[in-house]
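Visitor: Would you mind keeping the following structure in view while I ask a few things?
The values are calculated or read from the model by the stated rules, or taken from the named source; none is laboratory data. Predicted, not measured: the structure shown is a model, and the values here were computed from it. In this analysis, Cβ positions are derived from the backbone assuming ideal geometry, glycine residues included, and neighbour counts consider all displayed protein chains.
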Amino acid sequence: MAAELLALGKRDKLSRAGYAWHDAGSELRTLQRLIEDAGRHAEGAVDAWLDGEELRSGAEALAQQLKRTAVLLEELHRDDGQNPVDEEFLAGVLKPAPSLVDRARRRGDLCQLRRELARRSRQLTVAGDRWQATWHQGQVAARSEDGRVVRGYAAAPEAVEQLLQPFEATSCHRPRARVVVVDERPEHRVTDRHTAGTSYTDRAAAFDADSAALVGVVAALNRLRQQWPAEAVAERVHGAAKDLQLVAPPAPSFSLYRGAWPYWATSTSAGWVPTQAVVSGIDPVWGVFDRAEELRGTGWVSRAASELLATDPGDLPGFLRHHLLAGGSVDLAVINGPAGPLYTVSSGGAHRTHLFKILGLPFLFAHLTTRIAPSRIDVTSVIDTSKGVAEAKRVAEGWHLLIERCLVHGTVSYQGEFATLHLDFAPAPWLLGDDAFATAYNKAYERVYPGALAQLGVPTHALADEQTWRAWLHT
């Protein structure tokens, strides 16, 4: 029956505008809105005599069921059968209700996910850290032997290993996780993510756990205080920012996974990271912010540096704790690589990141977030679409060549002239981007981990610029 439903959807796509599935979804959404409005109206109409909240709640529940049915119809029509359905589950059902079809989709998603996870695990060849983890209806809490805490979402218990992998020493390490499953729900929807994330208690413990990092930052600030006269701080900051921009310009935001399917795992943690490994701060110039500065005003980095250097050395640990923890954490995204991770600013904390980079402080405390590499990446999510089909073909050809060189593991399929990468493993995931993106991250990685890409199989001369990268990859 599931096959008949999908076949109906395929035939319907070939019809003219106004096809049945689209119309049905549109009508269900209209009905959803009408029922929501009716519930609110009923609540107001009886409010003087009765508690109308129950009427409104019942209407909202019915409206949500209609919305879910409409979404399901639209997904089935759009997928053209690409997403898996557990047809065995539907066997013998004459007219499956939308809820049964949705459940079969979830079961099929999980079957496919488990096969993908098995392929990914085979590529992780180095024994990683030991972890104790619990999985409860998708929510994961894990702790390593050295006390690091990771929290997140995994669609299935088998995905916990991939959830932890970005917090291993390199992208080739395989976490050794003991996972305790609490109340397993095999039909848990793969694309549902409601991650609790790390708590303030988790972050405070991580801040205190690495006392050597805090001592290193305080020592670096004390050295700067001795080297930079108070009246010359602004000038020194300006010069340090120019030097940093010259030798280590910010890499672009890491956007390869935007719009990618599926969102089957996310994870968060916190800790001190090497400031050198933070390679992107949202803005393209260190110390210059391309956003409105009404609250902070211009020259924020110089003023913040002056305040830091004027703080009594004995008060610096508390000052840093307040500005890096109690006052809100810096948010960094983790991009693991063959010799260790890179970090990019993901949401908050760009100003503080620029400050630590410009001052050359050795460590930065941050809230760390990762999104696991998707199993499917469309070429249109990688390229500058204004460059047209030629750029899409060039990137797709690059994917084939990366697979041939064993720098990426997976396969490439096509829909017309546009490619989709079915990804199993990419030890250096930025290589999947266009030439400009790959080159920027290649240079950044070489600065942080000299020689690591050469050991992976990318010669040093190919890292110089876009032209040398393209010439090496396409020969």
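Visitor: Please go through the range 163-178 and give me each residue that is closer than 26 Å to residue 201 by Cβ and crowded, with 20+ Cβ neighbours inside 10 Å, ordered by number.
Guide: 163, 164, 165, 166, 167, 168, 175, 177
Visitor: Just one of 299, 328, 340, 281 is farther than 30 Å from residue 457 by Cα, of a type outside the set (Asp, Glu), within 29 Å of the chain's Cα centre (by Cα) and not assigned by TED's automatic domain parsing to the domain that holds residue 425; which is it? Give the derivation first.
Guide: Numbers: 299 fails: within 29 Å of the chain's Cα centre (by Cα); 340 fails: farther than 30 Å from residue 457 by Cα; 281 fails: farther than 30 Å from residue 457 by Cα.
328 is the lone residue from the list that is farther than 30 Å from residue 457 by Cα, of a type outside the set (Asp, Glu), within 29 Å of the chain's Cα centre (by Cα) and not assigned by TED's automatic domain parsing to the domain that holds residue 425.
Visitor: Hey, another quick one. Take the range 27-55 and flag every residue that is at pLDDT 70 or above, within 40 Å of the chain's Cα centre (by Cα) and of a type outside the set (S, T, N, Q).
Guide: 29, 31, 33, 34, 35, 36, 37, 38, 39, 40 - these are the residues of the range 27-55 that are at pLDDT 70 or above, within 40 Å of the chain's Cα centre (by Cα) and of a type outside the set (S, T, N, Q).
Visitor: Related question: Please indicate, with yes or no, whether at least one residue in the range 147-156 is more than 19 Å from the chain's Cα centre (by Cα), at pLDDT 95 or above and part of a strand (DSSP E or B).
Guide: no
Visitor: Does residue 353 count as in a helix (DSSP H, G or I) and β-branched (Val, Ile, Thr)? Before you say what the answer is, go through the steps one by one.
Guide: On the way: in a helix (DSSP H, G or I): yes; β-branched (Val, Ile, Thr): yes.
Yes; evaluated as a whole, the condition is true for this residue.
Visitor: From the list 358, 383, which one is aliphatic (A, V, I, L, M), touching a helix residue (DSSP H, G or I) at 6+ places or on another chain (Cβ under 6 Å), modelled with pLDDT of 95 or more and more than 30 Å from residue 151 (Cα to Cα)?
Guide: Values: 383 fails: modelled with pLDDT of 95 or more.
None of the others qualify; the one that does is 358.
Visitor: If a residue counts only when it is closer than 23 Å to residue 120 by Cβ, which helices (runs of 4 or more DSSP H) contained entirely in the range 413-475 have at least 1 such residues?
Guide: On the way: elements: 435-448, 452-456, 466-473.
Qualifying helices (runs of 4 or more DSSP H): 435-448, 452-456.
Visitor: List, please: which pairs have Cβ atoms under 7 Å, are six or more places apart or on different chains, and start with a residue in the range 143-157 that is surrounded by 23 or more Cβ atoms within 10 Å (Cβ to Cβ) and end with one that is of a type in the set (Gly, Ala, Ser) and part of a strand (DSSP E or B)?
Guide: From the range 143-157, the pairs are 150/142; 150/267; 150/269; 152/265; 152/267; 153/265; 154/265; 155/265.
Visitor: Let me ask another. Please work out which one of (1) closer than 25 Å to residue 171 by Cα; (2) out of contact with any strand residue (DSSP E or B) (no Cβ under 6 Å at 6 or more places or on another chain) is the condition residue 385 fails and give its number.
Guide: It fails just one condition, (1).
Visitor: So how many residues does the range 207-252 have that are crowded, with 16+ Cβ neighbours inside 10 Å and among the polar types (S, T, N, Q)?
Guide: So the answer is 1.
Visitor: For residue 131, indicate whether it is at pLDDT 90 or above, more than 21 Å from the chain's Cα centre (by Cα) and not assigned by TED's automatic domain parsing to the domain that holds residue 211.
Guide: yes
Visitor: Turning to a different aspect of this structure: Restrict the check to the range 373-396 and report whether at least one residue is polar (S, T, N, Q), under 30 Å from residue 202 (Cβ atoms) and assigned to a loop (DSSP other than H, G, I, E, B).
Guide: Quick first cut of the range 373-396, residues polar (S, T, N, Q) only: 375, 380-381, 385-386.
Subset that is under 30 Å from residue 202 (Cβ atoms): 375.
Right, trim to assigned to a loop (DSSP other than H, G, I, E, B) and you get 375.
Yes, some residue in the range 373-396 is polar (S, T, N, Q), under 30 Å from residue 202 (Cβ atoms) and assigned to a loop (DSSP other than H, G, I, E, B).
Visitor: Would you mind listing the helices (runs of 4 or more DSSP H) fully within the range 195-261 where at least 3 residues are in the same structural domain as residue 358 (by TED's automatic domain parsing) and of a type in the set (Val, Ile, Thr)? Can you show your working first?
Guide: Details: elements: 200-209, 211-227, 233-247.
Correct list: 211-227, 233-247.
Visitor: When you scan the range 197-218, do you find a residue that is in contact with a helix residue (DSSP H, G or I) (Cβ under 9 Å, 6 or more places away or on another chain) and modelled with pLDDT under 90, even just one?
Guide: Scanning the range 197-218 turns up at least one residue that is in contact with a helix residue (DSSP H, G or I) (Cβ under 9 Å, 6 or more places away or on another chain) and modelled with pLDDT under 90.
Visitor: Take the conditions closer than 19 Å to residue 334 by Cβ, at pLDDT 95 or above and under 22 Å from the mean Cα position of the chain (by Cα) and apply them to residue 373. Does it pass? Steps first, please.
Guide: Working: closer than 19 Å to residue 334 by Cβ: yes; at pLDDT 95 or above: no; under 22 Å from the mean Cα position of the chain (by Cα): yes.
No, not satisfied.
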